[in-house]
Structures are given as C-alpha cells and as structure tokens.
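The structure under discussion appears below in the form of structure tokens.
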Amino acid sequence: MLNNPLITDAFGRRFPYLRLSLTDVCNFSCSYCLPDGYQKTKGDCFMSADEIRRLVTAFAALGIWKIRLTGGEPTVRKDFVEIANIISTIPGIKKLAVTTNGYKLPERAASYAAAGISAINISIDSLQPQKFKDITGHDRLEEVLQGVDACFDAGIKNIKINTVLLKGINDCELDDLFNFVANKRISLRFIELMRTIDNHDYFNKHHLSGTAVTNRLQELGWQEIPRSDGAGPAVEFTHPQSVGNIGVIAPYSKDFCKTCNRLRVSAKGDLQLCLFGEGGNSLRHLLQDDNQQHELEDAILSLMQFKPLSHFLHQGNSGTRAHLASIGG
Ligand code: SAM
Ligand code: SF4
C-alpha cells in the first residue's frame, strides 16, 4: 500500500497525502490570512471526531497513508489530541502530521507526540519579536521558539518551520532564517504569499517570488536535493555546513502542479480537489454511519476525475477561497 496509492486522477497523478482541516477557527490574526481575526459565520459546524474517523478510514482504504491536520488553528479544538489518537491508529496511516501556529506548544508538545503525531510544521514568519507580533497579532515568538525545543524533547522527529515570504517585511531576514537551522535538524520552508479573495491589496504590496530565496541560497552554496515519495510541495536545499535544510514552496512557479500528490478536506467535510479550486464537494452525508464506508470510497474515487491539471493563479484566478484559514494551506 505504501508505494501504491489507489487514488489517481485523470492525469495519472497518485495521491498518498490528505490535508485535513479540523476547524476554520483561529486564535491568531495573521496579516495575510485573517487580519481581523476569525469571524464566525452562520452554520459553522465542523466534523465530529466520529465523522473524521469514518472519513480517514475510507481514505486509508484507498491508499492514503499520510495525513496532515490543519485549520484554522487545529489545536484550538478541545478534542484535538483525541482526534490525533484516533487517526494515528487507523490501519494504513503511516504518518500523522500537524500544521500549527505553535500556540501553547511548550506545554502541549509531549501530548501531541503521545497521540501519534510524528511530524509538525510550526509557522514562524519572523525571528524578531516585534515583527512577529505585528504579523500575527500575538507577542508569542519566545513561546513558539520554546515550543520548537519542546517538540525535539518530545521525540517528534520531523520538525519544519513554515515562513511566508513577505516583501518589505521579512525578506531582510533571509540569512538569519537560514542560520536558524544551522545547528538544528529542522527544515525551514519559505512559502510564497498566495493571493486569496481577501488579501488582494496585501498580496500586491508584499508578494515576492521564491526565486529571491533560491538565488540567495545558490549564492551561499546551498544545493537542491531530490524529492522523496509522499513529500509536500517544497523544493529542498542542503548545505554542507548546515544541519538543517531550507525549502521553497513556490505555487506560482511553472510546473508546480505537476507533482501534486495531495487532496484536501475542509473542516465541514468538503473534498477540495485543488487549494484554489471553485468550492468543494460535500462528503458529509456519507460520514454519518460506519456502514456508509464503501459508498464514501466510491464517491471519493468518482470525484477524482474532476481534479484539474493545474490551478489558475497565473491567470489571476485564485478561486473562491476567501483566505487559507478555511482550508489550511
Ligand atoms: N494555523 C496554522 C498555521 O498558521 O500554521 C495552520 C493553518 S495555516 C492556513 C497553514 C499555513 O498556511 C501557515 O504556514 C500559514 O502561514 C500559511 N498561509 C496562510 N495564508 C497564506 C497565504 N495567503 N499565502 C501563503 N501562505 C499562507
Ligand atoms: Fe491563523 Fe494560521 Fe491563518 Fe495565522 S496563518 S491567521 S495562525 S490560520
């Protein structure tokens, strides 16, 4: 099963990887994502632990072996650890990861590891406390950095930092961010700012191509490393004098979608075939009873033929996504 995922699309791509959003709610207010914080919308009702169990069981039966929990901020859910425990014991799931803003991570990292989370992506857009606060709305850089250490102490092997590349804000910190991983077994990945419906002006002001990072990496002697099976969308670089790696996630680059190996399900149970697609396909009605599993699997397989070859970002079409907190990036 590990090397032979059954889910394929019309273009022959295979899908071992599901990004599962647990909630749209977030306690941070990142300037490019939720600048006014999370706004509750009518009818917000996120999948229960039981619905999530049924969903992941079906995807695992179809060969998905890597799950990433995301949000919003997935860890604001009171049953977050319970959900992680359930998913990590579903047959076929080999790797359970989470993407988090690092809130309360120092005190919680050990419980995440005990629940079967073996990989964690922590968002840090600046190593300067004031700038971190300006971006996220929270004066918590120190806490998040302690959280990174707590993940090491808890035995979480695969630790990554997500840094959204922001022109005029953190592009002056490239070398500091490279140095941050010099003595740590961490991969820090720069994510190109993506345009959503809510952030057009911000995007126009602060988007910077990932080539700004790759050019600087090459100047400093970093070398690209080959992509591994089930890997995310980052192009990774290594340097003989650095323990950690640097990655670049550049959704606007040519051929970004060619290696797409991931599907997304929103917190409300919609299968999203593309991060920037037009809406989702609800699976919620098939998550109500354990007996629906085969029907659910059939629905997932038949929806796969509609997965598009590529996003339409280059044509200025960022789909119907208001912000990435509604699907998890
Ligand atoms: N709240 C968690 C966090 O921030 O890590 C998980 C959800 S967040 C939507 C997932 C990732 O998407 C974060 O690394 C965040 O920085 C990134 N992100 C959010 N909006 C983005 C945008 N418009 N462009 C690029 N990355 C974005
Ligand atoms: Fe919240 Fe993550 Fe969006 Fe920041 S990027 S507002 S932490 S969902």
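What a 1.4 Å probe finds exposed on the stretch 51-190 is 48% carbon and sulfur by accessible area, rounded to a whole percent.
For the chain, averaging the sequence separation of C-alpha pairs within contact (under 8 Å, six or more residues apart) and dividing by the residue count gives a relative contact order of 22 percent. For the chain, the solvent-accessible area works out to 43 Å² per residue, with a probe of 1.4 Å and every protein chain left in place. The long axis of helix 141-153 is offset from the longest Cα principal axis of the chain by roughly 60 degrees.
Hey, what number do you get for the chain at 222 nm if only DSSP H runs of n ≥ 4 count, each worth -39500 (n - 2.57), divided across all residues, to the nearest 500? Computed ellipticity for the chain at 222 nm equals -7500 deg cm²/dmol.
Of all beta bridges that DSSP places with both ends in the stretch 172-281, some 65 percent have antiparallel geometry. Sequence-ordered 3J(HN,Hα) estimates for the stretch 174-183 from the Karplus curve with 6.51, -1.76 and 1.60 and θ = phi - 60° stand at 3, 5, 4, 6, 4, 5, 4, 9, 4, 10 Hz, glycine and proline given as x.
Where does the charge balance sit around Leu217 when Lys and Arg score +1, Asp and Glu -1, over other residues with C-beta under 11 Å from its C-beta? Let's see the in-between values first.
On the way: positive: Arg216; negative: Asp175, Glu219, Glu224, Glu236.
With Lys, Arg at +1 and Asp, Glu at -1, the neighbours total -3.
Rank by packing, highest mean first: peptides 92-99, 151-158, 132-139, with packing defined as the count of other Cβ atoms within 10 Å averaged across residues.
With the highest mean Cβ count within 10 Å placed first, the list reads 92-99, 132-139, 151-158.
Rounded, prolate or oblate: pick one for the stretch 160-200, where a ≥ b ≥ c are the square roots of the eigenvalues of its C-alpha gyration tensor, a/c under 1.5 means rounded, and failing that, prolate if a/b is larger than b/c, else oblate. If you can, show how the numbers build up before the last one.
Numbers: a/c = 5.07, a/b = 1.91, b/c = 2.65.
Since a/c reaches 1.5 but b/c is at least a/b, the shape of the stretch 160-200 is classed as oblate.
For Ala119, the residues whose amide H sits under 5 Å from its own are Leu96, Val98, ignoring neighbours fewer than 5 places away on the same chain, with H placed 1.01 Å from N. May I ask for the angle, rounded to the nearest 10°, between helix 293-303 and the longest principal axis of the chain, with both axes built from Cα atoms and the value confined to 0 to 90°? Helix 293-303 sits roughly 60 degrees off the main axis of the chain.
Would you mind counting up the charge near Val164? Only other residues with Cβ under 9 Å from its Cβ, with Lys and Arg at +1 and Asp and Glu at -1.
Details: positive: none; negative: Asp125, Glu192.
My count for the surroundings of Val164 gives -2.
Once the Cα atoms are used to define both axes, helix 105-114 deviates from the longest principal axis of the chain by about 40 degrees. Couplings 3J(HN,Hα) for the stretch 211-222, derived from phi with the Karplus relation 6.51 cos²θ - 1.76 cosθ + 1.60 (θ = phi - 60°), are 5, 4, 6, 4, 4, 5, 4, 5, 4, 8, x, 6 Hz, where x marks Gly and Pro. Between Asp289 and Gln146, what FRET efficiency follows from the Cβ-Cβ distance if R0 is 56 Å, with the result rounded to 0.05? The formula returns an efficiency of 0.80 here.
Taking label positions 7 Å along the Cα-Cβ direction at both Ser111 and Asp171, the computed distance is 4.1 nm, reported to one decimal.
The values are calculated or read from the model by the stated rules, or taken from the named source; none is laboratory data. All values derive from a computational prediction rather than experimental measurement. Every residue, glycine as well, gets a Cβ built from its backbone with ideal geometry; the counts of neighbours run over all protein chains shown. Ligands, DNA and RNA are excluded from the accessible area calculation, which covers all protein heavy atoms including side chains. Shrake-Rupley method; radii C 1.70, N 1.55, O 1.52, S 1.80 Å.
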